[in-house]
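S.K.: Before we start, here is the structure in question, set down as structure tokens.
What follows draws every value from the coordinates through simple rules; no lab data is involved. Since the structure is predicted, the reported quantities are computational estimates derived from the model, not experimental observations. Neighbour counts are summed over all protein chains in view; Cβ atoms, including those assigned to glycine, are modelled from backbone coordinates with ideal geometry.
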Amino acid sequence: MVRIGKYEVKRLIGEGATSQVYLAHDPFAGRDVALKQMNPEMLRDPERGQLYRHLLMNEASLAGKLVHPHIAQIFDASVDEREAFVVMEYVPGGTLEAFTRPDRLLPFDRLVEIVFKCTRALDYAFRRGITHRDIKPANILLVHPDGQDIKLTDFGAAFHVASETTQVAGVGSPAYMSPQQIREMPVDQRTDIYSLGVVMYQLLTGRLPFEGSNNFSMLYRITHETPPPPHELRPDVPEALVAIVRRAMERELEHRYQDWSEFSTDLARAFGNRALNDDRFRVPEAEKFQKLREIAFFREFSDVEIWEVVGFSQWSRAQAGTVILKEGETGDHFCFLVDGEARVRKRGKLLNLLTAGDCFGEMALFSAGGGVRSATVEAATPVAVVRIGAQALLRASDTCRMHFYKAFLEVLSTRLSLANARIANV
């Protein structure tokens, strides 16, 4: 069996001009991994060898620093004069490159959800001082070929603001470079925003926004021209997506999205357009994330924890008059109202009116009454409800669960204060 270091090589899964990527097995950890090995001749190149080692070490240095559900983890690396490789999480679904051809374009809702997840992962990285600088379809991995879960990879060209040694000039993929990156100006998240805009343009149209007979002509066009809007190449592209791509790819920094939050918010709003999502009962994960992020209860949850909640929560819609929780019945879950209004009644008496963002049903989880509901909650208008089971909460990560319990205490404290105020006014 062929080995690279301690890793058992199974097969080649990718190959580029400077490296090969193998599916390998780590016998000590008992897991399959992706192993990227630099070509030996590249390492011996007197001019470029040092750069390639630097890029690989740069990527390896991020091991353990970027722990996010949409960033491929780095496990190990080895770099010396004769051999250089990095070992990372194996993501089996291939890359987004497969969907950049005109005959294999993605449905709009799936495309937007993938790009949304990229914005959240890149925002997470930027908040830790890291700008990727090489965003392109080949560096966006699919967990499943027909799914929408993604993992960003290849942070070798990343710039870490806390370390000048990681900034390398002249790296990146020309077709996806921002005008500022081409001019070798100082970069921040807005260069990645531009690059992701190019990826989105290509996924929408099956074409790059700028093409040229050589890199020089392409780079000139990026810095001086405006690409044709996506709907000129594909007439059915919704105007909302045309506007998002246009703003992400603005040549001048002041006209571009200034941060990832602006970009992701516009993407989430695009899901409200029924041209993107005709299924009234399916809530895309990007919309779930954005809805939870807007609820005050989750304000101290990190993005990673919000994605965790998205994963174990259940979402549904109900018409006015629907009983969501019933007094006297047992229950092992609690809920959040995402949209609409609901009435809380006890023995037929109206106690409260719930609005978007309110939590209800959680007291049954902590009471000594065996989870018996103390009141009825009925939809006053059409509503969207998030349901979270007690067992799902128990299986959540420690930090996620801790934030739930802390937020529950705040909810209880607020309710007690309101109750005391009402009693004082009697």
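S.K.: Where Rh is the Kirkwood radius over the Cα pairs of segment 281-413, the temperature 20 °C and the viscosity 1.002 mPa s, what D in µm²/s does Stokes-Einstein return?
M.R.: My calculation gives 142 µm²/s for D.
S.K.: Once you keep just the Cα pairs under 8 angstrom separated by 6 or more residues, what percentage relative contact order results for segment 96-293?
M.R.: 24
S.K.: Now a separate question. Which parts of segment 294-326 would a label at Val67 reach, counting a residue when its backbone N lies under 13 Å from a point 7 Å out along Cα-to-Cβ?
M.R.: 304-305
S.K.: Please compute the net charge surrounding Asp26, taking Lys and Arg as +1 and Asp and Glu as -1 over other residues with Cβ under 15 Å from its Cβ.
M.R.: Around Asp26, the surrounding residues sum to +1.
S.K.: Given an 8 Å cut-off on Cα distances and at least 6 residues of separation, report the relative contact order of segment 3-89 as a percent.
M.R.: It rounds to 23 percent for segment 3-89.
S.K.: Output the Cα-based Rg and Dmax of segment 96-293 in Å, rounding Rg to one decimal and Dmax to a whole number.
M.R.: 16.0, 50
S.K.: For segment 3-89, just list the percent of Cα-Cα distances falling in each 10 Å bin from zero outward, please.
M.R.: 17, 49, 30, 4
S.K.: Here's a follow-up. Report the label-to-label distance for Met1 and Asp32 in nanometres (one decimal), using points 7 Å from each Cα along the Cα→Cβ vector.
M.R.: Label at Met1, label at Asp32, 1.4 nm between them.
S.K.: Between Val9 and Val143, what is the label-point separation in nm under the 7 Å Cα-to-beta-carbon projection?
M.R.: Between Val143 and Val9, the simple spin-label model gives 3.0 nm.
S.K.: Among 308-318, 97-107, how do they line up from the highest to the lowest mean number of other beta-carbon atoms within 10 Å?
M.R.: Result, highest mean Cβ count within 10 Å first: 308-318, 97-107.
S.K.: Output the pairs from Lys65/Lys288; Lys349/Lys406; Lys10/Lys151; Lys117/Lys326; Lys288/Lys346 with a Cα-Cα distance over 28 Å in this structure; if there are none, say none.
M.R.: Correct reply: Lys349/Lys406; Lys117/Lys326; Lys288/Lys346.
S.K.: Please tell me the relative contact order of the chain in percent, rounded to the nearest whole number, where contacts are Cα pairs under 8 Å and at least six residues apart.
M.R.: 10 percent.
S.K.: Once the cut-off is 34 Å, how many percent of the Cα-Cα pairs in the chain end up in the long-distance tail?
M.R.: I get 41 percent for the Cα pairs in the chain exceeding 34 Å.
S.K.: Taking the Cβ-Cβ separation of Thr322 and Ser261 as r and a Förster radius of 41 Å, what is the calculated FRET efficiency to the nearest 0.05?
M.R.: Once rounded, the FRET efficiency stands at 0.75.
S.K.: Starting from the Cα of Glu341, step 7 Å along the direction of its Cβ; do the same at Asp188; then give the gap between the two resulting points in nm.
M.R.: Between Glu341 and Asp188, the simple spin-label model gives 4.2 nm.
S.K.: Work out the length of the dipole vector of the chain about its Cα centre, built from +1 on the beta-carbon of each Lys and Arg and -1 on the beta-carbon of each Asp and Glu, and round it to the nearest 20 debye.
M.R.: Here the chain has a charge dipole of around 1260 debye.
S.K.: Using only the Cα atoms of segment 302-367, what are the Rg and Dmax in Å?
M.R.: 13.3, 41
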